[in-house]
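Written out below as structure tokens is the structure these notes cover.
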Amino acid sequence: MIRPILAAPALGLLAACSSSGTSPVVTAIKGVILSSTAEQPEAPSVGGKVTREKIEEFGLALIRGRIEGEDLTNLLTGTAVNDQYVTYISSFRQNITMLGGLVTGTRGMGGDLLAVRNDANDPIAYITPTDDWPVTLTRDYRFPGVGPSGDTLSVTCSLTTSAATVITIVEVTYEVTPFTESCEGYGVEFTNTYFTETDTGQIWQSLQWIGEKVGYVNIDVLEPYSLE
């Protein structure tokens, strides 16, 4: 079942948990976006191991993520929507904003990603059947810097695919196609990886670059966001 976003009183019913599981991409994040003026509600924890039953009981859009190289695993719940952008927040009030499967902003992670400009045919940002994914695309990553507009890094990315495989995320198994995205430009090079549901283009796991200060974040989609 696809879930809506979190209602404010329910924020944080699922909190941090230790990393584990069979996923090829290690799960969870140490970050996400709250305005300094936003109300910060309490975040009670259900505690214990995260199970599919608990996810279904929670009934809301949910991801988990981890900064690569760190042990802390966080659950993040959808709390706000701006057009097609969904912001998820952890029990530590760190947050991440996503457009489809693409990370477009982070806060509270030691090095903010302010925004990402993507192409209209970007299959990471907009769910696209895998047969229709382009070979190349471009993006602009904006970070804090001198002046109000900050520093922007423009990159060109090349997409390649590997043989289909299966992954398991909290008791649910998906048939996926791994896509590798090699990006470079403005003196930076990085590689993103996406585990994409074959045919539909739904991204269930990913490893994404969010800047030179932080590096990469691993993300599992436990329950995707939907307007329904």
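Read-outs throughout are calculated quantities, based only on the coordinates presented, and are distinct from any laboratory measurement. The structure presented is a predicted model; accordingly, all values stated were derived computationally and were not measured. Methodologically, a virtual Cβ is constructed for each residue, glycine included, from the backbone with ideal geometry; neighbour enumeration extends over all protein chains shown.
Structure data summary
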read-out: Sorted by Cβ density within 10 Å, fewest first, the residues 124, 67; value: 67, 124
read-out: Residues 166, 86, sorted so that the one with the fewest Cβ neighbours within 10 Å comes first; value: 166, 86
read-out: Net length gained if the chain between residue 189 and residue 52 were fully extended (0.36 nm per residue, minus Cα distance); value: 45.6 nm
read-out: Fully extended contour minus Cα-Cα distance, from residue 120 to residue 198, at 0.36 nm per residue; value: 26.0 nm
read-out: Relative contact order of the range 127-228, pairs being alpha-carbon contacts under 8 Å that are 6 or more residues apart, as %; value: 20
read-out: Packing-based exposure ordering (other Cβ within 10 Å, fewest first) of 93, 117; value: 117, 93
read-out: Computed lengthening from residue 149 to residue 180, 0.36 nm per intervening residue step minus Cα-Cα distance; value: 8.2 nm
read-out: Label-point separation, residue 173 to residue 136 (7 Å along Cα→Cβ), nm; value: 4.0
